[in-house]
Amino acid sequence: MSEMVGKYCAKMFGKTGVILEIGVVKKVASRTVHVDWGKKTYVYQNREFTWVPLTKEEFEERYKKPKFSDTALVRAAELGLKITYN
């Protein structure tokens with residue numbers, strides 16, 4: 001589980017797949033996962049954590065610019081993610 005620390009995850013809106021928030025896994029304990037969503041850090045129990053944590057390269061490759069909300073693009077810039085169209 002500790003290999004998840006420092007990886008990125010995204011909250012999406014419904015079936016459209018628009019990314020609303022980008023989080024970074026900050027801590028993994030035996031029963032909890034701590035994710036920093038920018039404005040606040042949330043603590044999830046392992047069974048409640050539904051995201052697939054991705055490395056920076058995987059995140060940039062998987063998600064493209066048209067799928068991001070304005071706030072998510074600002075957060076991506078803060079985290080140093082390069083979001084492109086292709």
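The values are calculated or read from the model by the stated rules, or taken from the named source; none is laboratory data. Keep in mind it's a predicted model, so treat the numbers as computed, not measured. Heads up, the Cβs are rebuilt from the backbone with ideal geometry, glycines too, and the neighbour counts pull from every protein chain shown. Each accessible area value is taken on the protein alone, full model and side chains, heavy atoms only, with ligands, DNA and RNA left out. Shrake-Rupley method; radii C 1.70, N 1.55, O 1.52, S 1.80 Å.
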Only helices counted: for the chain, with every DSSP H run of 4 or more residues adding -39500 (n - 2.57) and the sum spread over all residues, [θ] at 222 nm is -5500 deg cm²/dmol
Relative contact order of the chain (C-alpha contacts under 8 Å, at least 6 apart) in percent is 27
Of the candidate values [x] 7.0; [y] 4.8; [z] 5.5, the one computed for mean projected area of the Cα convex hull in nm² from this structure is [z]
Rounded to a whole %, the carbon-and-sulfur portion of the accessible area of the chain at a 1.4 Å probe is 52
Taking Cα atoms only, helix 70-79 is inclined relative to the longest principal axis of the chain by an angle, in degrees rounded to 10, of 60
With every protein chain kept in place and a 1.4 Å probe, the chain has an accessible area per residue in Å² of 66
Given unit charges at Cβ for Lys, Arg (+) and Asp, Glu (-), the dipole magnitude of the chain about its Cα centre in debye, nearest 20, is 200
